[in-house]
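J.: Before I ask anything, here is the structure I am working with.
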Amino acid sequence: MGIQPDAWIRRMALDHGMIEPFAEGQVRRAEGGEPVISYGVSSYGYDLRVSREFKVFTNVFNTVVDPKHFDDKSFVDLETDVCIVPPNSFALARSVEYFRIPRDILTICLGKSTYARCGIIVNVTPFEPEWEGHVTLEISNTTPLPAKIYANEGLAQVLFLQAVSPCEVSYRDRGGKYQAQRGITVPRM
């Protein structure tokens, strides 16, 4: 990137709609002044927020989690400001932000250290060149205690890697199965 990474992210988001909605700076306090887990532009990336939509895994119906034949009875749908992930359990969520990744960019998305220090692991696969959509977030509670996830606050950081030249075949060109996903997207075949 020929310019500072944070300036490049701002330009791409504001001029090209790469991230919507977009927080131009690092937000650490809510409008009322209470602290939040930070989100927005950082030095080399963007801290995305988790929405109010969650799918919390449960074993009430004694189903098996199978990525080839995903059963909706594997989870409970919630819409809440604070999601409680049971001990040693798992939830899916989505980003507040909708991303449009340029053809010469690949991202790596990592969980924020605030959650990692509490035993909460966030796994997200890379956003490939020309992928777009809400990010489906995988949240694992590795502790023997219930864990809180705060909606509309930071959950993961997206790092942007720019190639010397655009890729020959992008995610859009391949007709990727998660292209333009909205909401929480479960495994597809």
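The values are calculated or read from the model by the stated rules, or taken from the named source; none is laboratory data. Since we're looking at a predicted model, the values are computed, not measured. Counting neighbours? That spans all protein chains shown, and the Cβs are built from the backbone with ideal geometry, glycine included.
J.: Is there a residue in the range 176-185 that is over 24 Å from F75 (Cβ atoms) and in contact with a strand residue (DSSP E or B) (Cβ under 8 Å, 6 or more places away or on another chain)?
T.: Looking only at the range 176-185, we keep the residues that are over 24 Å from F75 (Cβ atoms), and these are none.
Within the range 176-185, not a single residue is over 24 Å from F75 (Cβ atoms) and in contact with a strand residue (DSSP E or B) (Cβ under 8 Å, 6 or more places away or on another chain).
J.: State all residues of the range 19-68 that are surrounded by 15 or more Cβ atoms within 10 Å (Cβ to Cβ), part of a loop (DSSP other than H, G, I, E, B) and of a type in the set (F, W, Y); if no residue qualifies, say none.
T.: F22, Y44
J.: Okay, next question. Search the range 125-154 for residues being part of a strand (DSSP E or B), without any contact (Cβ under 8 Å) to a residue 60 or more places away in the chain and of a type in the set (D, E, K, R), and hand back the single one that is farthest from I37 (Cα to Cα).
T.: Top of the filtered list is E132.
J.: For the range 75-82, does any single residue satisfy the condition of being of a type in the set (D, E, K, R), surrounded by 15 or more Cβ atoms within 10 Å (Cβ to Cβ) and either modelled with pLDDT of 95 or more or farther than 30 Å from P5 by Cα (or both)?
T.: No: the range 75-82 contains no residue that is of a type in the set (D, E, K, R), surrounded by 15 or more Cβ atoms within 10 Å (Cβ to Cβ) and either modelled with pLDDT of 95 or more or farther than 30 Å from P5 by Cα (or both).
J.: Scan the range 84-126 for residues that are aromatic (F, W, Y) and at pLDDT 95 or above and jot them down.
T.: Step one: of the range 84-126, the residues aromatic (F, W, Y) are 90, 98-99, 115.
Those that are aromatic (F, W, Y) and at pLDDT 95 or above: Y98, F99, Y115.
J.: With modelled with pLDDT under 95 and surrounded by fewer than 15 Cβ atoms within 10 Å (Cβ to Cβ) as the only criterion, which of L145, L161 stands out? Lay out the reasoning, then the answer.
T.: On the way: L145 fails: modelled with pLDDT under 95.
The match here is L161.
J.: Also, I was wondering about something else. I need the full set of residues from the range 44-65 which are of a type outside the set (F, W, Y) and modelled with pLDDT of 85 or more, in order please.
T.: Step one: of the range 44-65, the residues of a type outside the set (F, W, Y) are 45, 47-53, 55-56, 58-60, 62-65.
Listed by number, the residues that qualify are G45, D47, L48, R49, V50, S51, R52, E53, K55, V56.
J.: Okay, moving on. Since Y171 meets every condition but one in (1) aromatic (F, W, Y); (2) modelled with pLDDT under 95; (3) in a loop (DSSP other than H, G, I, E, B), which condition does it not meet?
T.: (2)
J.: A further question follows. Which pairs have Cβ atoms under 8 Å, sit 6 or more apart or on different chains, and link a residue in the range 155-174 that is without any contact (Cβ under 8 Å) to a residue 60 or more places away in the chain to one that is surrounded by 12 or more Cβ atoms within 10 Å (Cβ to Cβ) and outside any loop (DSSP other than H, G, I, E, B)?
T.: So the pair list comes out as L161/I105; L161/L106; L161/T107; L161/I108; A163/I105; A163/L106; R172/E132.
J.: Here is a check on your reading of the model: is P87 surrounded by 15 or more Cβ atoms within 10 Å (Cβ to Cβ) and in a loop (DSSP other than H, G, I, E, B)?
T.: Values: surrounded by 15 or more Cβ atoms within 10 Å (Cβ to Cβ): no; in a loop (DSSP other than H, G, I, E, B): yes.
No: the conditions fail for P87.
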